[in-house]
């Protein structure tokens, strides 16, 4: 079904950095220094912290742009530049460095992260203007930019992991930014812990690479991957997939992303839509040489992606909270990217293409949602909106651009990137193709529903709410992102395949601007059906509160497909019960009956006088018993 | 004659500690702190000199009839532990600056009338004496000498726990003492056995360098191994002989807990590496599956206990049970990276756990309770305290960017080459660490301020920040740049490997295909 016989392109060896490239580390160092300053100086930097914070990603973007232009002018064989920075660990045969790799893939990520990042910093100046902790917010955002750049610029899996955990930390800090809200604090913990479960996959993958290859360098791993045994290749692929599922909120580690919407909206836009959550896709694409060795692992990636794209679309169709609709949509769109990455060599380029266009149009819509919230007193309930187009025209029109892009309206950015995935899915397996097509229809439905409920129809505003357009610091980033949402695909579609080919190990066909296929036409029909359904069902008679429903499809969606309930039943409750069992065992049996009981502990004040006799003996006895147990265990363990 | 640096380094705090006990009030504190700082400078200089290859070892005949030597060595393992010791003691003294004074109510429980806290000068004196004795343990190159100081550390530690802290501190101190004494007795038997056996095979000796060359194969070696291992497992502490630690940490002051967990318990893992592995390679290999299983159980057990703990100080002590499991795992996996990682882990853990104990100690002193339920929303009133708690917590859970990450990574990655299944189970401890750290942070620092309890309104003061700053700096600097420290430690691991005649597992796929 999935053609793995395609011979991957020869691994392109990196060339040594020269000139400007040797300064690439500054892209990371600048925002890192910004974060350090803002967090260490504390309140002393309150008055100017946000300005410094906004300048840092802009500086990184400028450096990234210069490097990108430089790469454009180079011969394709010279576009993989290695930038050694310093030795992290150097033990025997393990040389684990903090070394950067600026290549076709990483530079696109750098541009996405720093450009969208800069816009979101600027936006946040306005959005967080009334927050007393705005400076701390910018400190965390800068730390995030630095961590994300560590992740994408790394030339090896260990450094990637450092950035990987770093962005997880920032995600935790920013979701729980409003720490006085228990829901926000709990959501931050959940995100971090679920991500750590995924991280087990990445750590074990790194251990495996060190044991199998003696290196974690991307280029060397790619070269040596064909030497893997089949079972190790599959295991490695599954470990990396586990990591990707955690970071990219893919089934079964998807549930944290919905709760992550507790964070400030710029955070949702930057971290939980445009950049960090797509890191899992990046990981899979970077590891293409490993997946090329394992059919089962590759297939698993495609299956996980397909499941998640449908789950996310389902959730997105039923929510009343505008941010949660978008969160479901993000899950779903990343599902498309995963599906593409799991289609083998031909899909990898499309995965990255969609990742970039999605970064633009989803950030656009999240920031638009933030603008709506800003204008309506931080409300997120779409049943409280309606007819906002007239009072927030800029927000409406920019949001509309993102809307057209995500549903795949012809010649917008999403049209090019998503259609390619659907076509590639049909090429490799009709099941994947049909499911991806259904997903596109549902996407059109729920996004139309969101547009109509929020911006069109009758006004259902709460009393005392006077929606108004947001300040320029917020609308200008929206306009820029809207232009990208419309135009990015057109600019990139004919170019990105050739550009990425050496880095993704494949060369896709049919990526022309005017390429029209039967499947493309069918997709448009399905999307149109979704739009019409969304329009007709939400145009009239919308209640001003979410209506109760007994429709199981709606109920399941509203409850995030019971992700939390399932996690609780399968993991949290058994683990808690086990933990409490161990805990009581520890204080009773292990500690020795006499010691653990509260009565003895409480009575010790008076009992101290008697210590010479009874208690010494019982302590000694229990210690001795513990000791004998260890001795017996050691001996028996060997005999067994 | 060369200057006996190691002897000076060990004797200085012991003698000065004895003097401090007879001083009073501020004089005792300032003198004690000054001594600890001088010791730190001497210790750091000795560490740097030794890491550049200067041999500081000393060797004098002590009891010739039984082959006992006053022998000290300055190998990288010893000096790393010495550096940890001399760095932590000034921090502890600074943190416990107000100990013994009225108003320093430690919150494990109020003072009961019949057991008043001892004067602060005694604390300072005991801490310094403990420092000197611990240094002797780490540099001893003679097993009998090591044993003597191993036992001698118990006395100051016993009084440090029983003298200051919660209402039930004496019981906790006694529990500590009994566990340690039993371990010590078993070790004494093993030490005697070692001497007897060495006598049977030529000349009686306790000198480590001689013993290493002797052959302790077969049943004798196994019994001796078990004797040493049990003593060190109690000290380290490993499940199931760990339960003395949470009680001690709950009742003792945070400063005493740092001395106990940060320094004294390291003698356990240090001893496993130096004596168990060093003297009994065959028995070690024989016991490895069980030891690894106990290590992995400790990792998970400690994490579970920390995640269900309601008492902040018990929680921190259980995190250490988990972390000592990692160290033991690294030692008994016997690869260069895992042993290097394990030694680095011993070093880092001292700083990370000290930061966590002290910052939570400052928190508990403010509220007068160590029960997690009594806290909430502290971040609003004390953002610096909250921030430093978070950084210490992240170091405890081994986040990249803190030095704990490098050591945990090396332990696990190194052990994976030989024992992937044990390591796979052990990694679950990484998730557990995230759970226990973030749970404690969420319950204490976030959320609305609890109406029922007076909010913690005063943030960390100058002294408190000054005490925590060096710990955090060490954690971050070695977090981003672990290589300088690893370069010093690695020879110790290599020496152990060659002593055991072991080689590292080699990569399966060595060459790339073009």
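The values are calculated or read from the model by the stated rules, or taken from the named source; none is laboratory data. Model, not experiment: these values are computed from the prediction. Glycine gets a Cβ as well: all are built from the backbone with ideal geometry, and neighbour counts include every protein chain shown.
Restrict the check to segment A:229-242 and report whether at least one residue is under 24 Å from residue A:82 (Cβ atoms) and crowded, with 23+ Cβ neighbours inside 10 Å.
Yes, segment A:229-242 has at least one match.
Just a yes or no: is a residue in segment A:162-171 in contact with a strand residue (DSSP E or B) (Cβ under 7 Å, 6 or more places away or on another chain) and either at pLDDT 90 or above or crowded, with 23+ Cβ neighbours inside 10 Å (or both)?
yes
Determine the pairs where a residue that is at the interface with chain A (Cβ under 8 Å from one of its Cβ atoms) and at positive phi, located within segment B:404-431, has a partner that is surrounded by fewer than 24 Cβ atoms within 10 Å (Cβ to Cβ) and in a helix (DSSP H, G or I) with Cβ atoms under 6 Å apart, the partner being 6 or more residues away or on another chain.
Once the first residue is at the interface with chain A (Cβ under 8 Å from one of its Cβ atoms) and at positive phi and sits in segment B:404-431, no partner that is surrounded by fewer than 24 Cβ atoms within 10 Å (Cβ to Cβ) and in a helix (DSSP H, G or I) comes close enough.
In the set A:561, A:556, A:635, which member is assigned to a helix (DSSP H, G or I), facing chain B (nearest Cβ under 10 Å), surrounded by 13 or more Cβ atoms within 10 Å (Cβ to Cβ) and at pLDDT 55 or above?
Within the list A:561, A:556, A:635, the selection yields A:635.
Is it true that residue B:465 is surrounded by fewer than 20 Cβ atoms within 10 Å (Cβ to Cβ) and not assigned by TED's automatic domain parsing to the domain that holds residue B:381?
no
Can residue B:343 be described as within 12 Å of the chain's Cα centre (by Cα), more than 27 Å from residue B:370 (Cβ to Cβ) and in contact (Cβ under 8 Å) with a residue 60 or more places away in the chain?
The answer is yes for residue B:343.
For residues that are surrounded by fewer than 18 Cβ atoms within 10 Å (Cβ to Cβ) and assigned to a helix (DSSP H, G or I), tally how many sit in segment A:462-479.
4
Among the helices (runs of 4 or more DSSP H) lying completely within segment A:188-279, list those that include at least 2 residues that are at pLDDT 95 or above.
Here the list reads A:230-247.
Condition first: farther than 23 Å from residue B:408 by Cβ and facing chain B (nearest Cβ under 8 Å). Now tell me which residues in segment A:159-180 satisfy that.
A:176, A:179, A:180
Of the numbered conditions (1) closer than 18 Å to residue A:564 by Cβ; (2) at the interface with chain B (Cβ under 9 Å from one of its Cβ atoms), residue A:228 satisfies every one except a single condition; which is it?
It is condition (1) that residue A:228 fails.
Being within 21 Å of the chain's Cα centre (by Cα) and part of a helix (DSSP H, G or I) is the filter here; which residues of segment A:286-298 pass it?
Once the filter is applied, which keeps residues that are within 21 Å of the chain's Cα centre (by Cα) and part of a helix (DSSP H, G or I), segment A:286-298 yields A:286, A:288, A:291, A:297, A:298.
Could you please let me know if residue A:589 is within 14 Å of chain B (Cβ to nearest Cβ), modelled with pLDDT under 80, surrounded by 11 or more Cβ atoms within 10 Å (Cβ to Cβ) and over 27 Å from the mean Cα position of the chain (by Cα)?
yes
For segment B:442-464, does any single residue satisfy the condition of being more than 10 Å from chain A (Cβ to nearest Cβ), under 19 Å from the mean Cα position of the chain (by Cα) and assigned to a helix (DSSP H, G or I)?
no
Conditions tested, residue by residue: (1) surrounded by fewer than 23 Cβ atoms within 10 Å (Cβ to Cβ); (2) within 13 Å of chain B (Cβ to nearest Cβ); (3) modelled with pLDDT of 95 or more; (4) within 30 Å of residue A:13 (Cα to Cα).
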residue: A:81; (1), (2), (3), (4): no, no, no, yes
residue: A:87; (1), (2), (3), (4): yes, yes, no, yes
residue: A:94; (1), (2), (3), (4): yes, yes, no, yes
residue: A:114; (1), (2), (3), (4): no, no, yes, yes
residue: A:124; (1), (2), (3), (4): no, no, no, no
residue: A:135; (1), (2), (3), (4): no, yes, no, no
residue: A:146; (1), (2), (3), (4): no, yes, yes, yes
residue: A:150; (1), (2), (3), (4): no, yes, yes, yes
residue: A:157; (1), (2), (3), (4): no, yes, yes, yes
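Got a number for residues in segment A:293-314 being within 25 Å of residue A:213 (Cβ to Cβ) and crowded, with 24+ Cβ neighbours inside 10 Å?
Number satisfying all stated conditions: 2.
Inside segment B:465-475, can you point out the residues that are in contact with a helix residue (DSSP H, G or I) (Cβ under 8 Å, 6 or more places away or on another chain) and either at the interface with chain A (Cβ under 8 Å from one of its Cβ atoms) or closer than 21 Å to residue B:400 by Cα (or both)?
Hits for segment B:465-475 are B:468, B:470, B:471, B:472, B:474, B:475.
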